[in-house]
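To start, the structure itself, in structure tokens.
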């Protein structure tokens, strides 16, 4: 059936929505529903409703470009640079290690045996790259982009893309590699990056300040900047997606970036839905042999990430839990791999069988890795318990030396935004109290900031009772958990409450709740006080409204503006 472009898009969205509703009904990932919707519309295994899939692919590419733009807007360059060594080493070793392991693995299993060309090498290369789209979307939905594992994952993804772009630069001349092509591509990337940051420093701030009072113009200007840089990247031989990432990075420090992200997210999700539909449309006719190969490939991707990444991350002083979560996050085939193998077929380096295998493996691995990422905390806990059965003395995180007590009266379990603001308040109102505070957190960057500001702290995962015991908090007078369950990983406020009351029954325990029902339960379980953000917000809002009605907000507003401007840079980053 031949349909026009608008009808193709409409039908794609309708089928994707219906399939996603079914997926949600059975508590399955929505991405699976989108892909199934595409398969149902396709020619090879579906109803054959859409024959012009190229138009859908073209439209869906916009979603990928917008996603990379948003990633750039949300990247904290300071933290990314801090993680640069880890990302560079892990990303490089993982990329080349997976290629080498893939060639050996699939040669041993007899893949493409007796065939000439680069089939085996292309397959290994395609499996060495992970999906930026799926990983970032799921981590974003789980609020894990800014965790240590999230930043490590993102850094490795960036280096994977860098090496993939290097390959794209030499791909046309693979039979006769030319070093000039490689250097020209790298030079083009550096030049584009420099140009964008120059413009964003000297020209864009004035433009954005001028249009700041017009939200619609702010949005269109930001998107225009995204597509302008994407077009420039494409013109100099880089990928449009890399250009979008550079565009986002260049304006990430602007005060308007959060507003731009909020407005673009809905548009992005629309186009990303079409991306997954297009992926389903590409699904090859499935044979039993091809399906077996796809599952074998998916298994290899997971195992190769664990075998190569985990030891490297441990050598780089990351804890076992972070290493495992990062490895699971990267256990899928990338949409970038489709670009590489498609170009490889166009250059006659490989045959169509490689493309079919990569497409089906991409679909299988995306579905499989979606579950791995969504339930990574449970899986990692299960894996660590398995390791401990083999080696009972193994610790998943370096534990502080056993201590009878920290000598500190106030213990903060984890250090997030609320704890950061609390510490600032202590600095302002009662600096001497800071000497009585002790923080347990598993983010090395956070610990460096705390130590620099004279706060006693120790590295440890609060999800495990052994960490609390070894940290020596039994003598504390007050133990606080200020992180809501939404952001806690591997534990909950309820579990922490039980562990703390058992470990130090004389301490006053303060935990955080997100619902009234949960707060009542915490009090029944022995909490001395429950922080309930909605009630705290309501009290403060009432005070603001009352003040405005009686005397105006001038004094309160000036107090808050002074407080914000006086905050140390380290605390502002929290």
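Read-outs: derived from the displayed coordinates by stated rules, not from any lab. Computed from a prediction, not measured in an experiment: that's the story for all the values here.
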| message | At 222 nm, what value in deg cm²/dmol follows for the chain if DSSP H runs of at least 4 each add -39500 (n - 2.57) and the sum is divided by all its residues, to the nearest 500? | response | -22000 deg cm²/dmol
| remark: Measuring from the longest principal axis of the C-alpha atoms of the chain, the long axis of helix 257-281 (C-alpha) lies at a number of degrees, nearest 10, equal to 40
| query | Normalised by the number of residues in region 410-572, what is the relative contact order in percent for Cα pairs under 8 Å and 6+ residues apart? | reply | 19
| Fraction of antiparallel bridges per DSSP, the chain only, in percent to nearest 5 | 0
| said: Explain nothing, just the number: relative contact order of the chain, from Cα pairs under 8 Å at least 6 residues apart, as a whole percent. | reply: 15
| Roughly speaking, what % of Cα-Cα pairs in the chain are separated by over 48 Å, rounded to a whole number? | 18
| field | Acute angle (nearest 10 degrees) that the helix 554-566 long axis makes with the longest principal axis of the chain, alpha-carbon atoms | value | 70
| task | Would you mind checking the tilt of helix 417-429 against the longest principal axis of the Cα atoms of the chain, expressed as 0 to 90 degrees and rounded to 10? | result | 30
